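**Q** Please find one structure pasted underneath; my questions will follow.
The values are calculated or read from the model by the stated rules, or taken from the named source; none is laboratory data. These numbers were taken from a predicted model, which means no experiment stands behind them. Here Cβ is always computed from backbone atoms with ideal geometry, including for glycine, and neighbour counts include all displayed protein chains. Ligands, DNA and RNA are stripped out before the accessible areas are found, and what is left, the full protein with its side chains, is counted by its heavy atoms. Shrake-Rupley method; radii C 1.70, N 1.55, O 1.52, S 1.80 Å.
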Amino acid sequence: MGPRMLGPMLVILLLLLLPSLLLTTRSTLHRYLTQDQGHHPSSRLQESPADGESCWSTDDLYFVLDSSRSVNDNWEFTQSFVQDLVNRFKNPKQRMSFITYSTHGRINMKLTSNRKKINNALVELLNVRPSGGINMQHGLEKANEQIERTRAAGAKVPSLIIVLTGEQLLPESFAETQVEAAKSKQLGATLYFVGVQNYQLSQLLEIAGEEDHLFQVDSGYPGLEDIIDPLIARSCVQITSVDFSAICNKDTNEVKVIGKGFKNIQKDEVVCQFRLGKETARIEAVSVRDTSITCPGPKLNNQGKAVFIDISLNNGLSFIKTDFDVSRRSCVTSTERTPPALLDAVSPAAQRHTLPHAVPGVIRHIYPDEKSSSPVLSIKTLYWAVPLMVLPFLVLLWCCIRRRCTACTGDSAVPLLTPVVDHPAAHSINPAAIASSSAPAHGARVPNLPR
């Protein structure tokens, strides 16, 4: 390898090192910016779970929409209403289904959590042409069929059905709708009804069974946008955190589930379920408030294993799964001096890590999305650090080869530029003259030049 090749090779080496240096700097800068903005890595699980204008529910959501001729040319307001509601439900794992009814019922989109399919189905809803009579019972039938299939598969998932209607029901349809609505409730579903324009209030009150589950839009279909926030606030049931600091502090054996949507829930219908592998234990709630449910602590022989808590608001027909580990191994204390074991931001993956029992006076921190902040020698660090350490030696070697390093040879440095000899042939453009002038004289000794 000649000395002329070392220069380009060093340049190539520096170019190879530059991307890793930039990536490392960017990663470090991002971490500092994140900390400065107050976004702790452990809070990424739920970006805005308690936002009043959105919902992080886990319920299966069914939209049952009136597409009879009574809607006329107002269908675009119905589609916009559904799209706005879908955008407010933020949980990417939540499943939804779109159903329309007129003379018959039709499933426009089967139950799915695929957001691409949901967005495509929202666009396809614009192609619906309202026609036919109004038979709400057929829409509820399509919802109940999907709920039954879900339960048959062994999943007791809570269901939320939002029914939109814009016309009075005929007596036969009204009677059959009552039957289907009662069946939905038996399957553990919660129903909310939205009456627009020509609906009959007494019919919807009787079907819903509770005034709080009915929304009236007397201003017509354009007024649907005005009830989106109230509908979300009233229908959204979500669990945002689980506080079992009392167990960690050995004060009482109670677990407090914190969230929203518990208003008007009867205490005798609330069941706390604790899961330890395949073993489960169900206990009635101690108290129920608008934003919290208090459960007796688990009495399972967990032996350091994870114990997860689920909540049922309908006497065990369906459960809201939390995947919060409420065993003593998860007793932690946050840096903001919040109560220990307040699991409102710790991801399920982090909770499953084996943690020792909480020791009084010892503060333990959980950072599920980051590794330890102590210096760690990683492969990425070695990738750019080692070449940088070798680089000076390569430069020194290059200097020695070029005889620029007097420490290696002890000789004086050789000038880089050869003195220019003013020869007459140098001013000539005749190649023969240049060739003859550059040829050595007869008998002259040609010096050995370094290669």
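**Q** Of all residues in segment 53-79 being of a type in the set (G, A, S) and either touching a helix residue (DSSP H, G or I) at 6+ places or on another chain (Cβ under 7 Å) or buried (at least 23 other Cβ atoms within 10 Å of the Cβ) (or both), which is nearest to I134 (Cα to Cα)?
**A** In this case the residue turns out to be S67.
**Q** A further question follows. For R328, are the conditions met, namely being over 28 Å from F193 (Cα atoms), touching a His at 6+ places or on another chain (Cβ under 9 Å), surrounded by 15 or more Cβ atoms within 10 Å (Cβ to Cβ) and in contact (Cβ under 8 Å) with a residue 12 or more places away in the chain?
**A** yes
**Q** Is it true that T240 is closer than 24 Å to K93 by Cβ and either acidic (D, E) or over 24 Å from the mean Cα position of the chain (by Cα) (or both)? Let's see the steps before the verdict.
**A** On the way: closer than 24 Å to K93 by Cβ: yes; either acidic (D, E) or over 24 Å from the mean Cα position of the chain (by Cα) (or both): no.
So T240 fails the test.
Quick grid of which residues meet (1) within 25 Å of A233 (Cβ to Cβ); (2) assigned to a strand (DSSP E or B); (3) charged (D, E, K, R):
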| site | (1), (2), (3) |
| --- | --- |
| K263 | yes, no, yes |
| Q273 | no, yes, no |
| A281 | no, yes, no |
| G304 | no, no, no |
| I311 | yes, yes, no |
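**Q** Okay, moving on. Residue under question is S318, and the condition is that it be touching a Gly at 6+ places or on another chain (Cβ under 6 Å) and at negative phi; does it hold?
**A** When the stated conditions are applied, S318 passes them.
**Q** If the requirement is being under 30 Å from the mean Cα position of the chain (by Cα) and touching a residue at least 12 places away in the same chain (Cβ under 8 Å), which of these qualifies: N144, N135?
**A** Answer to the check: N144.
For every residue, the table says whether it meets (1) over 22 Å from the mean Cα position of the chain (by Cα); (2) modelled with pLDDT of 80 or more.
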residue	(1), (2)
C295	yes, yes
V307	yes, yes
K321	no, yes
C331	yes, no
E336	yes, no
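**Q** To continue, here is another question. Suppose we keep only residues that are β-branched (V, I, T) and more than 25 Å from the chain's Cα centre (by Cα) within segment 250-264. Which one would you say is least open to solvent (accessible area, probe 1.4 Å)?
**A** V255
**Q** Considering only segment 109-128, state which residues are in a loop (DSSP other than H, G, I, E, B), under 23 Å from S70 (Cβ atoms) and out of contact with any Ser or Thr (no Cβ under 8 Å at 6 or more places or on another chain).
**A** L126, N127, listed by residue number.
**Q** Looking at D73, D36, D51, D60, which is the one that is of a type in the set (D, E) and at pLDDT 95 or above?
**A** D60
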